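What follows is a set of notes on a single structure, which appears directly below.
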Amino acid sequence: MARKKRPEGTRAPNGASSIYLGNDGYWHGRVTMGVRDDGKPDRRHVKRKDEKDVIAAVREYERQRDSGKVRKPGKGWTVEKWLVHWLDNIATPSITPNAASAYHYAVHKWLIPGVGAHRLHRLQPEHLEKLYVKMQAQGRSAGYAHQVHRTARTALNVAVKRGHITVNPASLAKAPHVEEQEVEPFTFEEAQQILKCAATRRNGARFAVALALGLRKGEALGLKWARIDFDGGVLRTPRQIQRHKWKHGCDDPNACGARRHKVKPCKPTCKAHKRKPCPPPCPPDCTAHAVICPHRHGGGLREVPVKSRAGRRAVGIPGPLLDLLREHKEVQDAERDRAGSEWREGDWVFAQPNGKPLDPRRDHDEWKELLTEAGVRDARLHDARHTAATILLVMGVPPRAVMEIMGWSQISMAARYQHMPSELTMRVAKQVGDHLWKDK
């Protein structure tokens with residue numbers, strides 16, 4: 001159907017779209033989308049060879065305007081430009097160095113090489129889905145691809161909020177399916193056996209803290225005596241210990257780490273990598289191995305704030321655990337006297353024999369040795385946190401109190417950490433039976 005023509009001598013109302021054939025032989029369309037930052041009208045222009053194409057483009061602009069989803073005027077960012085800007089100026093200043101390192105690797109190793117050349121507003125969910133498939137075809141796990149997906153989604157969410165795009169394509173993309181690890185909290189008997197064996201080990205109170213209070217590893221290793229109120233029976237967790245990666249301080253990182261470069265793949269009979277697949281050879285421009293740089297900086301164990309406001313909490317200490325911590329302090333005071341000038345004062349609750357903070361890797365090994373000694377099934381140290389949360393469920397502690405004790409910012413975390421133990425299942429079954437079949 002032909003478009004109706006306006007009577008001669010009349011004009012369209014202010015703000016109305018216009019479509020016309022230009023002297024250059026192209027059809028042009030102009031759409032008023034709103035007002036620019038400087039107060040002038042935001043008038044968008046489209047040019048097409050055919051009239052029907054320019055009409056479709058104008059209608060699309062009008063739909064965006066009417067729905068309130070209008071991207072900012074001007075030439076759009078490329079995905080690479082936006083990701084670099086987001087990483088350097090928005091994300092990195094407000095997150096921990098370890099989280100920034102993970103973001104940096106996902107952006108520069110996968111997202112920029114994979115989809116960085118696209119215009120930001122033209123990036124499609126299918127582009128990201130093909131990238132995830134490519135990653136897994138190269139041997140990366142679904143969980144690793146999912147981490148890259150979460151990085152893209154986080155970065156593009158900010159682009160949506162700032163009006164650079166109207167829809168987040170990463171939210172529409174099908175993320176790689178990741179099988180959730182089955183977590184089984186320790187039973188009462190297992191927890192008792194772990195506590196019994198921990199009482200005979202140096203720094204054994206550290207694992208009692210994990211089972212009773214559910215502190216995260218960094219929170220437990222970052223505890224200081226000044227944050228434990230023995231009179232009030234309260235423990236505060238405003239900070240934590242983290243291991244940060246070393247950074248090169250030399251002019252040529254590739255040459256600096258040359259003696260650590262892996263130049264050949266492992267042999268088929270390799271026995272050096274039993275738990276994980278053999279790593280591939282280093283790329284020609286490898287800049288890793290900063291740990292051996294003579295001018296390295298920024299790495300090692302560092303004390304940093306906890307990751308959220310909810311993590312900065314005060315937790316009540318059970319009486320038996322409070323007594324255990326008092327005994328632990330007496331033992332540590334004796335170690336300080338024996339160490340003399342070798343002692344490095346840091347006020348750490350759980351320290352090495354010379355007073356320095358415990359290394360998270362050694363802490364992991366101690367946990368595995370403890371489980372073996374206790375005759376308990378193998379489990380992650382983080383499963384002790386699941387156990388602490390489940391104990392609160394069995395005790396019927398109100399959800400709001402559970403959030404405060406565990407340091408959760410959302411109550412939805414309870415579904416992840418609290419599990420239905422067999423004793424609670426049987427208790428509920430008994431209560432249902434007593435209610436339905438009670439003698440009237």
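The values are calculated or read from the model by the stated rules, or taken from the named source; none is laboratory data. What you are looking at is a predicted structure, and each value in this text was computed from that prediction instead of being measured. Backbone-built Cβ (ideal geometry, glycine too); neighbour counts: all protein chains shown.
Quick rundown of the values:
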quantity	calculated
Per-region count, segment 383-415, residues touching a helix residue (DSSP H, G or I) at 6+ places or on another chain (Cβ under 7 Å) and exposed (fewer than 14 other Cβ atoms within 10 Å of the Cβ)	2
Residue among 302, 313 that is at pLDDT 90 or above and surrounded by 14 or more Cβ atoms within 10 Å (Cβ to Cβ)	313
Some residue of segment 110-133 being surrounded by 15 or more Cβ atoms within 10 Å (Cβ to Cβ), under 13 Å from the mean Cα position of the chain (by Cα) and more than 17 Å from residue 80 (Cα to Cα)	no
Any hit, segment 163-177, residues being under 23 Å from the mean Cα position of the chain (by Cα), hydrophobic (A, V, I, L, M, F, W, C) and surrounded by fewer than 18 Cβ atoms within 10 Å (Cβ to Cβ)	yes
Residues being under 19 Å from residue 199 (Cβ atoms), touching a residue at least 40 places away in the same chain (Cβ under 8 Å) and part of a helix (DSSP H, G or I) - total across segment 365-388	9
Some residue of segment 342-364 being of a type in the set (Asp, Glu), outside any helix (DSSP H, G or I) and either free of Cβ contacts under 8 Å to residues at least 40 places away in the same chain or exposed (fewer than 13 other Cβ atoms within 10 Å of the Cβ) (or both)	yes
Options 262, 224: the member that is in contact with a Cys (Cβ under 7 Å, 6 or more places away or on another chain), over 21 Å from residue 297 (Cα atoms) and basic (Lys, Arg)	262
Subset tally (residues that are touching a Leu at 6+ places or on another chain (Cβ under 7 Å) and either part of a helix (DSSP H, G or I) or among the β-branched types (Val, Ile, Thr) (or both)) for segment 161-194	5
Among residues of segment 195-213, those that are not in a helix (DSSP H, G or I) and not hydroxyl-bearing (Ser, Thr, Tyr), counted	5
Pairs, first assigned by TED's automatic domain parsing to the domain that holds residue 316 and farther than 24 Å from residue 239 by Cα in segment 389-415, second aromatic (Phe, Trp, Tyr) and not in a helix (DSSP H, G or I), C-beta under 9 Å, six or more apart	390/186
Residue check for residue 438: outside any helix (DSSP H, G or I), over 33 Å from the mean Cα position of the chain (by Cα) and free of Cβ contacts under 8 Å to residues at least 24 places away in the same chain	yes
Residue satisfying all of: in segment 293-318; touching a Ser or Thr at 6+ places or on another chain (Cβ under 9 Å) and aliphatic (A, V, I, L, M); farthest from residue 411 (Cα to Cα) among these	304
Qualifying residue in segment 419-434 (condition: surrounded by 14 or more Cβ atoms within 10 Å (Cβ to Cβ), in contact (Cβ under 8 Å) with a residue 60 or more places away in the chain and touching a His at 6+ places or on another chain (Cβ under 8 Å))	yes
Filter result (part of a helix (DSSP H, G or I), under 16 Å from residue 170 (Cα atoms) and in contact with a strand residue (DSSP E or B) (Cβ under 7 Å, 6 or more places away or on another chain)) within segment 94-142	120
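Results for (1) modelled with pLDDT under 95; (2) out of contact with any Lys or Arg (no Cβ under 9 Å at 6 or more places or on another chain), shown as yes or no for each residue.
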site: 195; (1), (2): no, yes
site: 206; (1), (2): no, yes
site: 220; (1), (2): no, no
site: 228; (1), (2): no, no
site: 237; (1), (2): yes, no
site: 247; (1), (2): yes, no
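Yes/no matrix, rows are residues, columns are (1) at pLDDT 95 or above; (2) not hydrophobic (A, V, I, L, M, F, W, C):
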position: 59; (1), (2): no, yes
position: 70; (1), (2): no, no
position: 132; (1), (2): yes, yes
position: 142; (1), (2): no, no
position: 153; (1), (2): yes, yes
